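Just so you know, all these numbers are worked out from the coordinates, no wet-lab data involved. This is a predicted model, so every value here is computed, not measured. Here Cβ is always computed from backbone atoms with ideal geometry, including for glycine, and neighbour counts include all displayed protein chains.
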Amino acid sequence: MSAPSSSPSTSPSTAADARSGAGFVPEIQGLRTIALLLVASFHIWFGRVSGGVDIFLLISAYLLTRSLTTNAERGKFTRPITFILRKFARLLPAAVTAILLTLASGFLLIGPRHWESFAEQAFAAASYTMNSWLQGQQVDYYAQGRTDASIFQHFWSLAIQGQVFILWPFLHLAAEAAAKVTKIRVRWILIAGSSIGVVASFIYALNLTAVNQPYAYFSTPARLWEFALGSLVALVVVYLKLPGWLRHAMTWLGIAGAVSCGFVLPVQSSFPGWATLWPTISAALVLVAADAPRTDDYRGNAFLRHPWLQTAGEYSYALYLTHWPVLIIWSITTASSHPGFLRGTMLLGIATVAAVVITWISEKPAAKLLARDRKLMRERERWPLFVPQFGFRALAVLTVCVLLAAASVVGSRTIYEHEKVVEAEQSKNVDVRHMGAEGPANASNFRPIPGELIATEQMGAGPQNKCSQDDPYWSDICFEEGDAATADRDILIVGSSHAVVYSGTVMETARNLTNGESWHVRLQGAPGCLFVDPGNTGNACADLWTTADRYIREQKPDAVLVVATQGQQEAPDYLHNVPGEDLVSWVKSVTAQGTQVIAMRDVPRFNDDMLECGAQKGWDNPDCIRSGSQESPELTQYQLDIEAAGGSWVDLTDVVCPDDMCRPAQGGLVTYFDYSHLTDAYARSLAQKTADQLAPLIGWWPDKVWAV
């Protein structure tokens, strides 16, 4: 039985080329269109994964093996380098154009905070390594919110497909060489190899999915069985002579399986394991029914051959490239996850227009250029196998694509770095005396300081000199400023990152002393290290408080500042008044040694990122206003207990959240750089408000921080 004639297309991205080939099968084009519509509609309207991508993967391997095997049986050896170069010359024009448009849209519509990630993702997308990048980020396809999703996340499947396009022609060449040596028909060698590949990769996928499903989802080895299955179907289909009624049944069963998969199965949490057989077998049924040797009683499937599906198939690759970034850009800019029917239709319309533009300005012109190289390739068929049959037009297409991709990545990174420098200059030595907590209520927050790119780096307003390694009280986070031997006052700040934030408030006071005094300020902290009773050891937090307690007993500082509570959103503060965290007893023991204890109430914490909300929705947007921590009788009693133990209680909640409204920006300064940490600049602006509460309690604390 003779094999079917070769199709020049082996990729879902080259549907237009496939239409002109002698082996073009309209049902495959129709199935590809259905798969694309499933992917886009499930992403946009249902917030789920459809299984359509798995159909794409199977079809791409089917067409690839179908073409290469037919050529091999005609005595034409596979030229891997030629195949790879021409394949990517067809794939890259649309992909690079989509990357450029996505980057431009992202930079125009989304705040600078995302720009660095955009540059990284663009490189991963252009280099066909996006699946590895996502694995490195430990991304769960849909566990994260869409506002946190990668703008190029959909390139994961294209990356795996591209990697297979590099591997498969070498495997075909190896099979062809084995067939020449053993005199066994190349198709049978490929059937054996594909069968082994299906079994081996599927077993690996099952094991990896059971252990780490999000990682397996983007794993090339765990996905190879889908390609091997597509190849296996292409290899055996020529031996299957099926009656017309069975073909019709297989086609409609396959279509029903493809459409229902995403509704029935939890694709995003179960693939590429057993559940993946559903869409792949469904697609295989359609392929076999469509491409098995023709019989007189079968004229194809009218639905899959419909002109609308055939025409739409020409734009399927471009629409896959555009629908996801359109959805994610909308999600990030609106902080919404589900667009609804009308907005979803609008987004699909925008993606479709972009897909048509990409197809006509890049994919089709590149295809025409590559087609003009065919005569040259025929003339070079007798060249040695290791010499690529490669025309200068294909080389030009590849060169332009590589240069544009490189320029987009480098350019986006350059824009990001420039904006970061601008923000740093804007924030450098900012005068907080009339900003932030000291700013007028009607101060503009149009572009508050610090900018989005450097806000998360702004926890350095406290002491600047790192403690030496031989410091007897050294800890992982240890900074000091001022001369301990000659300073008039010695102040120790100890605790978690929130204590680190308040160190900027203290240093703003220390750097503006006008009474001739000098302060030595020492900061010792550990991430997430809330108060624990000193004397314990065994972890960084316990060691920190034990070391700080020893510093207090031996160095007898004038004051020690601690964060006495843990704030919460719309809930009472967590208090350190339980066994193992008895702050009141510790305050009493410290003040008994002559050291003042400044007990700061923690600022409110939130369930979402205040900086993100302000940057995306607007710094004065009511949607970004949050309620602060609740007052409670327990908190009042706790404060009284600390004061009775000799401590000085400071509560800045009404300053940070006036009228119980916590805003992402206040007085021209960004308040929070995440869900709970004050920015460096805003913490400095709290110096006078802190002095207003401390000066009446601690005689030497200045009542005026700034002279003017």
Practice problem: Post the alpha-carbon centroid distance, the range 337-368 to the range 277-327, in whole angstrom. | Solution: 19 Å
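Report the percentage of all Cα-Cα pairs in the range 141-235 whose separation exceeds 23 Å, rounded to a whole percent. Working shown, then result.
Details: 1655 of 4465 pairs.
When all Cα pairs of the range 141-235 are counted, 37 percent exceed 23 Å.
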Exercise. Evaluate 2.2 N^0.38 Å with N set to the residue count of the range 447-507, then give the Cα radius of gyration divided by it.
Key: 1.30
Quiz item: Lone cysteines in the chain, going by a 4.7 Å Cβ-Cβ cut-off?
Solution: 261, 401
Quiz prompt | Alpha carbon convex hull of the range 531-594, volume per residue in cubic angstrom | solution = 95 Å³
Exercise. Mind pulling the angle between the C-alpha long axis of helix 497-510 and the longest principal axis of the chain? Nearest 10 degrees, somewhere in 0 to 90.
Key: 50 degrees
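For the chain, what does the relative contact order come out to in percent, with C-alpha contacts under 8 Å and a separation of six or more? Don't skip to the end; give the middle numbers.
On the way: 1271 pairs, mean separation 100.8, N = 708.
This gives 14 percent for the chain.
Just want to confirm a number: the relative contact order over the range 144-244, from Cα pairs under 8 angstrom separated by 6+ residues, in percent.
Details: 65 pairs, mean separation 26.9, N = 101.
Computed over the range 144-244, the figure is 27 percent.
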Quiz prompt | Cα-based reach from residue 368 at 27 Å (exclusive), listing lysines while leaving out same-chain residues under 8 positions away | solution = 76, 87
Practice problem: Any chance you could give the angle, 0 to 90 degrees and rounded to 10, that helix 392-427 forms with the longest Cα principal axis of the chain? | Solution: 10 degrees
Quiz item: If you find the alpha carbon centre of the range 458-534 and of the range 572-650, how far apart are they in angstrom?
Solution: 19 Å
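Classify the range 273-317: rounded, prolate or oblate, from the alpha-carbon gyration tensor (a ≥ b ≥ c, eigenvalue square roots; a/c under 1.5 rounded; otherwise prolate if a/b is larger than b/c)?
Numbers: a/c = 2.94, a/b = 1.17, b/c = 2.52.
Oblate is the answer for the range 273-317, as a/c is 1.5 or above yet b/c matches or exceeds a/b.
Once a ≥ b ≥ c are taken as the square roots of the eigenvalues of the Cα gyration tensor of the range 450-585, is the result rounded (a/c under 1.5), prolate (a/b larger than b/c) or oblate (a/b not larger than b/c)?
Details: a/c = 1.58, a/b = 1.16, b/c = 1.36.
Oblate, because a/c is 1.5 or more while a/b does not exceed b/c.
Based on the alpha-carbon gyration tensor of the chain, what equivalent-ellipsoid semi-axes (square roots of 5 times the eigenvalues) come out, in whole Å, largest first?
Numbers: eigenvalues 843, 122, 113 Å².
Equivalent-ellipsoid dimensions as semi-axes: 65, 25, 24 Å.
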Quiz item: For residue 689, what charge total do you get from the other residues with a beta carbon under 13 Å from its beta carbon, if Lys and Arg give +1 and Asp and Glu give -1?
Solution: -2
Quiz prompt | Environment charge at residue 194 (Cβ cut-off 13 Å; Lys +1, Arg +1, Asp -1, Glu -1) | solution = +1
Exercise. For the range 599-708, just run the numbers: alpha carbon Rg, then divide by 2.2 N^0.38 Å, N being how many residues it has.
Key: 1.17
Quiz item: Which aspartates and glutamates have a Cα less than 18 Å from the Cα of residue 428, not counting those fewer than 8 places away in the same chain?
Solution: 417, 419, 452, 457, 508, 680
Quiz item: Roughly speaking, what is the stretch gain from residue 274 to residue 654, that is 0.36 nm per residue apart minus the C-alpha to C-alpha distance, in nm to one decimal?
Solution: 131.2 nm
Quiz prompt | Cβ-based charge dipole, the chain, positive-most Cα from 611, 323, 308 | solution = 308
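Going by how many other Cβ atoms sit within 10 Å of their own, how do 79, 294, 223 line up, fewest first? Numbers along the way, then the final one.
Working: 79 24, 294 13, 223 28.
Ascending Cβ contact count within 10 Å gives the list 294, 79, 223.
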Quiz item: If you average the sequence gap of Cα pairs under 8 Å that are 6 or more apart and divide by the length of the range 606-708, what percent do you get for the contact order?
Solution: 29 percent
Practice problem: Using all C-alpha to C-alpha distances in the range 72-221, build P(r) with 10 Å bins and read off the rounded percent in each one. | Solution: 10, 30, 29, 20, 9, 2, 0
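Could you tally the net charge around residue 526, taking each other residue with its Cβ under 9 Å from the Cβ of residue 526, Lys/Arg +1 and Asp/Glu -1?
Details: positive: none; negative: 476, 543.
For residues surrounding residue 526, the net value is -2.
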Practice problem: Using per-residue counts of other Cβ atoms within 10 Å, averaged over each peptide, order 318-330, 264-276 from highest down. | Solution: 318-330, 264-276
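Whole number please: convex hull volume per residue, Cα atoms of the range 244-335, in Å³.
In the range 244-335, the Cα convex hull volume per residue is 135 Å³.
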Self-check item: Folded to 0 to 90 degrees: helix 26-41 orientation relative to the chain principal axis, Cα
Solution: 10 degrees
Quiz prompt | Helix-derived mean residue ellipticity, 222 nm - over the chain, DSSP H n ≥ 4, -39500 (n - 2.57), to 500 | solution = -17500 deg cm²/dmol
Self-check item: Compactness of the range 164-321 - radius of gyration and Dmax, Cα, Å
Solution: 17.6, 50
Quiz prompt | Selection from 566, 661, 594 lying farthest towards where the dipole of the range 548-661 points positive, charges on Cβ | solution = 594
Exercise. Assuming R0 = 45 Å, can you tell me the calculated FRET efficiency for the pair residue 196 and residue 338, based on Cβ-Cβ distance, to the nearest 0.05?
Key: 0.55
